[in-house]
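Asks: My questions all concern the structure below.
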Amino acid sequence: MFSKTPQPDSHPDPRAAPTCPPGFPPGFLWGAATSAYQIEGSPLADGAGASIWHRFSHAPGTIANGETGDVACDHYRRFPDDVRLMRGLGLRAYRFSVNWGRVLPEGRGRLNRKGLAFYERLVDRLLDHGIAPVVTLYHWDLPVALDERGGWANRDVAHWFADYACLLYRSLGDRVELWITLNEPWVVMQGGYIAGTLAPGRRDLAEGARVSQNLLLAHGQAVRAYRAEGRHAIGIAVNLEPKYPASGSRADREATVRADAYMNRQFLDPIFRGEHPAEIREMFGAAWPEFSDEDIALARSPIDFLGVNYYTRGLTRHDPAVKPHRARNISEAARRTTEMGWEVCPEGLIDILEWVKARYGNPPIFITENGAAFPDPLPCQGIVDDPLRVAYLCDHLRAAHTALARGVDLRGYFAWSLLDNFEWAEGYSKRFGLVSVDRETQARIPKASARFYTEVIDTHGACLLDR
Ligand code: IFM
């Protein structure tokens, strides 16, 4: 929990940093991120098996405007042009995810060579353009065939996941140097199995508890498999929010500790410290299954880096109606919010990065996602002016620089997202892209924020000091 609530007007100032020279160090990895279901389209092409997101988005009433990822950004067919676009933006790295069911239509067993070939071609094309591929193994699109066997609630998922991971290590491991096991396990559990707003759309606290544990086991097993198969680096990407109490009341302060345990420590404490936070057992009660010493040892398999996805802080209010942690986020009237309703809080990025450094022994960190949805104007003469996104990125990059100057072992930054894409339950109504995508024609237009990001990359961030 963070006791000092940052003030809306206090912007981080890298010039105030004591020793760091202007700009980011050479070798700092500059990239952008996407995920398979959000951009690829063609979900069943070339023998792919359906994912839970394909099924969920086709169920009535699940997605804004009844939209689906059937076409998305048509990246499955347009990837060569998209890689050219990335090169034009000056990206040094590209983080994407593999759709499990494209390569293993039933989630295990039979290989779909055409699906795997897509990712091989993508990786080769990236390397040809001087862009480092960063692969996320799981960004929410579990094969339906595995969901029908219990999905993440079935302990066997750890073996299924490790076998799938091994297949990719063997196929792409000679060309991919950074691997991410899971994207945002907390969201997988909370959105998919407790709130039910994301696929597979279940609402069951006890199932959520099992899913939480199985995600850790799957992560651990994939890391162990990487030690046997891989030669480079593997980590996990978690979404973190520094939690601040909404008031000085005891109820809000206690709620803040629970919210912090639930979102920030639930996965990281087992991975880095070999134990679950006591609050997790308390909040799930009898629904929390036994997690053996062997399970903990597996979850604790050493990782090479941590991916941090950062969007906002959590100003926390006690709310007994919200299960299991009895807390919710509120917003402060004076603070700008994004179109998602999330408070803009660049100072929170410094706090959360310093918290990771202090609590988990200063692991190497990549900011694996950071960005914002704002209502962009329509393109005018080939220009999309998005000053709010430019300001958001600028302030967060300056915050990242401050954290670096304070000793956080920050190795890279990935903007979310390369393209306007399918924002899950929000459909296409929320745009996070550096590049706008016309839904009718699929035309891509880099926004002003893309041009800004290119300048940041070209100057190693030194241009941030002039703004
Ligand atoms: O679009 C998502 C992404 O898939 C996971 N992290 C948060 C992003 C914005 O909501």
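The values are calculated or read from the model by the stated rules, or taken from the named source; none is laboratory data. Because the structure is a prediction, the values reported are computed rather than measured. Glycine gets a Cβ as well: all are built from the backbone with ideal geometry, and neighbour counts include every protein chain shown.
Asks: Do any strands (runs of 3 or more DSSP E) lying entirely in region 374-467 carry at least 2 residues that are more than 16 Å from the ligand (Cβ to nearest atom) and either without any contact (Cβ under 8 Å) to a residue 24 or more places away in the chain or closer than 23 Å to Asn183 by Cβ (or both), and which ones are they? Don't jump to the end; show me each part of the working.
Replies: Numbers: elements: 410-416, 435-437, 444-446.
It comes to 410-416.
Let's see how each residue does on (1) part of a helix (DSSP H, G or I); (2) in contact (Cβ under 8 Å) with a residue 60 or more places away in the chain; (3) crowded, with 21+ Cβ neighbours inside 10 Å; (4) basic (Lys, Arg):
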site	(1), (2), (3), (4)
Arg55	yes, yes, no, yes
Ala59	no, yes, no, no
Asp70	no, no, no, no
Cys73	no, yes, yes, no
Arg78	yes, yes, no, yes
Asp81	yes, yes, no, no
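Asks: Another one. One residue is enough: does region 230-247 have a residue meeting the conditions assigned to a helix (DSSP H, G or I) and among the hydrophobic types (A, V, I, L, M, F, W, C)?
Replies: Of the residues in region 230-247, the ones assigned to a helix (DSSP H, G or I) are none.
No, region 230-247 contains no residue that is assigned to a helix (DSSP H, G or I) and among the hydrophobic types (A, V, I, L, M, F, W, C).
Asks: Right, next: Go through (1) of a type in the set (S, T, N, Q); (2) surrounded by fewer than 22 Cβ atoms within 10 Å (Cβ to Cβ); (3) touching a Cys at 6+ places or on another chain (Cβ under 7 Å) for Thr312 and report which single condition fails.
Replies: Exception for Thr312: condition (2).
Asks: Specify which of the listed residues (Ile271, Ile180, Ile234) is within 16 Å of the ligand (Cβ to nearest atom) and either under 30 Å from Leu122 (Cβ atoms) or free of Cβ contacts under 8 Å to residues at least 60 places away in the same chain (or both).
Replies: Working: Ile271 fails: within 16 Å of the ligand (Cβ to nearest atom); Ile234 fails: within 16 Å of the ligand (Cβ to nearest atom).
Answer to the selection: Ile180.
Asks: I've got another one for you. Within region 333-360, restricting attention to residues that are assigned to a helix (DSSP H, G or I), among the hydrophobic types (A, V, I, L, M, F, W, C) and over 17 Å from the mean Cα position of the chain (by Cα), which residue is surrounded by the fewest Cβ atoms within 10 Å (Cβ to Cβ)? Outline the logic, then answer.
Replies: We begin by selecting, within region 333-360, every residue assigned to a helix (DSSP H, G or I); these are 346-360.
If we keep only those that are among the hydrophobic types (A, V, I, L, M, F, W, C) as well, we get 349-350, 352-353, 355-356, 358.
So of that shortlist, the ones also over 17 Å from the mean Cα position of the chain (by Cα) come out as 350, 355, 358.
Numbers: Ile350: 24, Trp355: 19, Ala358: 11.
Step by step, filter region 333-360, then rank; the result is Ala358.
Asks: Another question about this same structure. Is at least one residue of region 289-297 at pLDDT 95 or above, in a helix (DSSP H, G or I) and either touching a Lys or Arg at 6+ places or on another chain (Cβ under 7 Å) or β-branched (Val, Ile, Thr) (or both)?
Replies: First, the residues of region 289-297 that are at pLDDT 95 or above: 289-297.
Filter again for in a helix (DSSP H, G or I), leaving 293-297.
With the extra rule that they be either touching a Lys or Arg at 6+ places or on another chain (Cβ under 7 Å) or β-branched (Val, Ile, Thr) (or both), the set shrinks to 296.
Yes, because at least one residue in region 289-297 is at pLDDT 95 or above, in a helix (DSSP H, G or I) and either touching a Lys or Arg at 6+ places or on another chain (Cβ under 7 Å) or β-branched (Val, Ile, Thr) (or both).
Asks: For the condition of a type outside the set (Val, Ile, Thr) and within 25 Å of Ser35 (Cα to Cα), what is the one hit in Pro324, Pro364, Pro320? Show your work before the answer.
Replies: Working: Pro324 fails: within 25 Å of Ser35 (Cα to Cα); Pro320 fails: within 25 Å of Ser35 (Cα to Cα).
Going through Pro324, Pro364, Pro320 in turn, the sole match is Pro364.
Asks: Could you tell me whether any residue of region 172-187 is charged (D, E, K, R) and crowded, with 22+ Cβ neighbours inside 10 Å? Outline the logic, then answer.
Replies: Of region 172-187, the ones charged (D, E, K, R) are 174-175, 177, 184.
Still in the list and also crowded, with 22+ Cβ neighbours inside 10 Å: 184.
The answer is yes; a qualifying residue exists.
Asks: Restricting to region 103-121, name every residue that is within 17 Å of Tyr138 (Cα to Cα), crowded, with 18+ Cβ neighbours inside 10 Å and of a type outside the set (Val, Ile, Thr).
Replies: Leu104, Pro105, Gly107, Arg108, Gly115, Leu116, Phe118, Tyr119
Asks: Of the residues Leu198, Leu215, which is in a helix (DSSP H, G or I), within 16 Å of the ligand (Cβ to nearest atom) and within 20 Å of the chain's Cα centre (by Cα)? If you could, list the steps in order and put the result at the bottom.
Replies: Working: Leu198 fails: in a helix (DSSP H, G or I).
Criteria check complete, one pass: Leu215.
Asks: Report yes if some residue within region 237-259 is within 16 Å of the ligand (Cβ to nearest atom) and surrounded by fewer than 23 Cβ atoms within 10 Å (Cβ to Cβ); otherwise report no. Before the answer, list the steps.
Replies: Our first condition is that a residue be within 16 Å of the ligand (Cβ to nearest atom); within region 237-259, this holds for 237-241.
Still in the list and also surrounded by fewer than 23 Cβ atoms within 10 Å (Cβ to Cβ): 239.
Scanning region 237-259, I find at least one residue that is within 16 Å of the ligand (Cβ to nearest atom) and surrounded by fewer than 23 Cβ atoms within 10 Å (Cβ to Cβ), so the answer is yes.
Asks: Take Val144 and tell me if it is out of contact with any Gly (no Cβ under 9 Å at 6 or more places or on another chain), at pLDDT 95 or above, closer than 22 Å to Ser42 by Cα and crowded, with 18+ Cβ neighbours inside 10 Å. Outline the logic, then answer.
Replies: Numbers: out of contact with any Gly (no Cβ under 9 Å at 6 or more places or on another chain): no; at pLDDT 95 or above: yes; closer than 22 Å to Ser42 by Cα: yes; crowded, with 18+ Cβ neighbours inside 10 Å: yes.
The answer is no for Val144.
Asks: Let me ask you something else. For Asp163, indicate whether it is over 28 Å from Glu423 (Cβ atoms) and modelled with pLDDT of 95 or more. Give the steps one after another, and end with the answer.
Replies: Working: over 28 Å from Glu423 (Cβ atoms): yes; modelled with pLDDT of 95 or more: yes.
Against the criterion (over 28 Å from Glu423 (Cβ atoms) and modelled with pLDDT of 95 or more), Asp163 qualifies.
Asks: Hey, does region 298-307 have a residue that's more than 22 Å from the chain's Cα centre (by Cα) and either modelled with pLDDT of 95 or more or surrounded by 21 or more Cβ atoms within 10 Å (Cβ to Cβ) (or both)? Outline the logic, then answer.
Replies: Initial filter on region 298-307 (more than 22 Å from the chain's Cα centre (by Cα)): 298.
From what is left, the residues that are either modelled with pLDDT of 95 or more or surrounded by 21 or more Cβ atoms within 10 Å (Cβ to Cβ) (or both) are 298.
The answer is yes; a qualifying residue exists.
Asks: While we're on this one: Can you find even one residue in region 278-288 that is modelled with pLDDT of 95 or more and over 23 Å from Ala206 (Cα atoms)?
Replies: Taking region 278-288 and keeping what is modelled with pLDDT of 95 or more, we get 278-288.
In the following step, the residues that additionally are over 23 Å from Ala206 (Cα atoms) were identified as none.
No, region 278-288 has no match at all.
Asks: Hey, which of the helices (runs of 4 or more DSSP H) in region 103-173, taking only ones fully inside, have at least 2 residues that are farther than 20 Å from Val223 by Cβ?
Replies: On the way: elements: 113-128, 144-147, 157-172.
Because the criterion is at least 2 residues that are farther than 20 Å from Val223 by Cβ, the helices (runs of 4 or more DSSP H) in region 103-173 that meet it are 113-128, 144-147.
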